[in-house]
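**Student:** Input: one structure, supplied below.
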Ligand code: ADE
């Protein structure tokens, strides 16, 4: 039994049942786990993980443990922990878990420090707070780390900047860059779970409403697609002209946030950048506008120096909904304190997509163990064979078959002489 700091030990039964439910939708991970059980590729390997503590993550952690790893886990966001999952991981799986839903910032960083106390050989991060802590306040752990993985776009951006500045002290596999990760998790996962979070928090009708989505990357595309499917009028804001054109040709309205702020009933940020919705935008919004963020950090909304500072009154309306009254008399409703709405007010992405994301995580750790002495202190993309293997297994588990290239087609693709 490891050490732990969790909310309630009595939640373990409920957590165990929910983890088993998710496992039913994670056939690729199950297959990897069966192999790991036999081969024990992580025997003697200590892994410190900073991830959203969900039913899907529990299945990943159990897979790593089946491979022989010792794992310590903390939350990658103060509001995303599912306390019943933390409980079953600590008490049934014997994992050192440090995660409590609603923990304050100080506890959040204390928990990151606790997982580093096991002196990891591999780090597994979602947002790069773990990596940045061991490169700043916990430098003594760096000498034992041979590599790490990173789950999300925001983390990859931070890590690439560390590598560019020559301060990254060990190689990282950017799991997010795998096609079997971002094509599915970012698009279909974020698309569905973001609206799930908004709907659970507010019970608002999406049909007929105007939904403003900031950012048309993979996540923004997913949210826009699902909002439209529910009958919303969707407006996209972008800073990238190519993505803006793409949004227009996908049939969405595109405009600046200054214009959109007058129109939206619901605002969702998914840009990975900061202060995307600012004071000047909040002021222009309609009375009753609802604002949520589904990007990794709540910095996408200008809260401290914007909404919070301007507000003359703050009122909790219901769970995950707070009303901020502005001097004009208008009230803006903020969901989940601007934290990722899909993980705070709902359960995050469904297991069906996390299956592939976490298959990538598991195989990325195995790849690091095989290659760490041959690679540089840089950010790596998972090899394409692994990506394709994950897609093939997923198809197989869905009972779908695809065609194979004939010999003639293979030759055609590798020849340059054949033309018209
Ligand atoms: N990120 C988004 N959804 C997630 C989930 N269900 N589990 C872990 N991380 C996630």
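All of the numbers you see were taken from the coordinates with simple rules; none came from a lab. These numbers come from a predicted model, not from an experiment. In this analysis, Cβ positions are derived from the backbone assuming ideal geometry, glycine residues included, and neighbour counts consider all displayed protein chains.
**Student:** Name the helices (runs of 4 or more DSSP H) wholly inside the stretch 195-294 in which the number of residues that are farther than 18 Å from residue 334 by Cα is 2 or more.
**Tutor:** Because the criterion is at least 2 residues that are farther than 18 Å from residue 334 by Cα, the helices (runs of 4 or more DSSP H) in the stretch 195-294 that meet it are 218-229, 241-249, 257-260.
**Student:** Hey, among the residues in the stretch 374-388 that are out of contact with any helix residue (DSSP H, G or I) (no Cβ under 8 Å at 6 or more places or on another chain) and without any contact (Cβ under 8 Å) to a residue 60 or more places away in the chain, which one's nearest to residue 146 (Cα to Cα)?
**Tutor:** Ranking the qualifying residues of the stretch 374-388, first place goes to 374.
**Student:** In addition: With the condition kept exactly as written, say whether any residue in the stretch 88-109 is within 16 Å of the ligand (Cβ to nearest atom), touching a helix residue (DSSP H, G or I) at 6+ places or on another chain (Cβ under 9 Å), part of a helix (DSSP H, G or I) and within 23 Å of residue 372 (Cβ to Cβ).
**Tutor:** Looking through the stretch 88-109, none of the residues is within 16 Å of the ligand (Cβ to nearest atom), touching a helix residue (DSSP H, G or I) at 6+ places or on another chain (Cβ under 9 Å), part of a helix (DSSP H, G or I) and within 23 Å of residue 372 (Cβ to Cβ).
**Student:** Please find, among 107, 81, 88, the residue that is surrounded by 21 or more Cβ atoms within 10 Å (Cβ to Cβ) and over 20 Å from the mean Cα position of the chain (by Cα).
**Tutor:** Step by step, each of 107, 81, 88 is checked, and only 88 is surrounded by 21 or more Cβ atoms within 10 Å (Cβ to Cβ) and over 20 Å from the mean Cα position of the chain (by Cα).
**Student:** If you don't mind, there's one more thing I want to ask. Looking at (1) surrounded by 24 or more Cβ atoms within 10 Å (Cβ to Cβ); (2) within 16 Å of the ligand (Cβ to nearest atom); (3) not in a strand (DSSP E or B), which is the one condition that is false for residue 154?
**Tutor:** So residue 154 meets the others, but not (1).
**Student:** Spot the failing condition for residue 279; the list is (1) in contact with a strand residue (DSSP E or B) (Cβ under 8 Å, 6 or more places away or on another chain); (2) on the phi < 0 side of the Ramachandran plot, and only one is missed.
**Tutor:** Every condition holds for residue 279 apart from (1).
**Student:** Scanning for something touching a strand residue (DSSP E or B) at 6+ places or on another chain (Cβ under 7 Å), assigned to a helix (DSSP H, G or I), surrounded by fewer than 24 Cβ atoms within 10 Å (Cβ to Cβ) and on the phi < 0 side of the Ramachandran plot, does the stretch 47-66 turn up at least one residue?
**Tutor:** yes
**Student:** Can I ask one more? Within the group 33, 18, which residue is within 14 Å of the ligand (Cβ to nearest atom), in a helix (DSSP H, G or I), touching a residue at least 24 places away in the same chain (Cβ under 8 Å) and touching a helix residue (DSSP H, G or I) at 6+ places or on another chain (Cβ under 9 Å)?
**Tutor:** Being within 14 Å of the ligand (Cβ to nearest atom), in a helix (DSSP H, G or I), touching a residue at least 24 places away in the same chain (Cβ under 8 Å) and touching a helix residue (DSSP H, G or I) at 6+ places or on another chain (Cβ under 9 Å) holds for just one of 33, 18, which is 18.
**Student:** While we're looking at this one, here's another question. Any idea which residue in the stretch 72-87 is farthest from the ligand (Cβ to nearest atom), counting only those that are farther than 19 Å from residue 342 by Cα and touching a strand residue (DSSP E or B) at 6+ places or on another chain (Cβ under 6 Å)?
**Tutor:** If we take residues in the stretch 72-87 being farther than 19 Å from residue 342 by Cα and touching a strand residue (DSSP E or B) at 6+ places or on another chain (Cβ under 6 Å), then 72 is farthest from the ligand (Cβ to nearest atom).
**Student:** Show me the strands (runs of 3 or more DSSP E) found entirely inside the stretch 296-398 where at least 1 residues are buried (at least 16 other Cβ atoms within 10 Å of the Cβ). So that I can check it myself, show each step before the final result.
**Tutor:** Values: elements: 313-318, 321-325, 331-335.
Answer list for the stretch 296-398: 321-325, 331-335.
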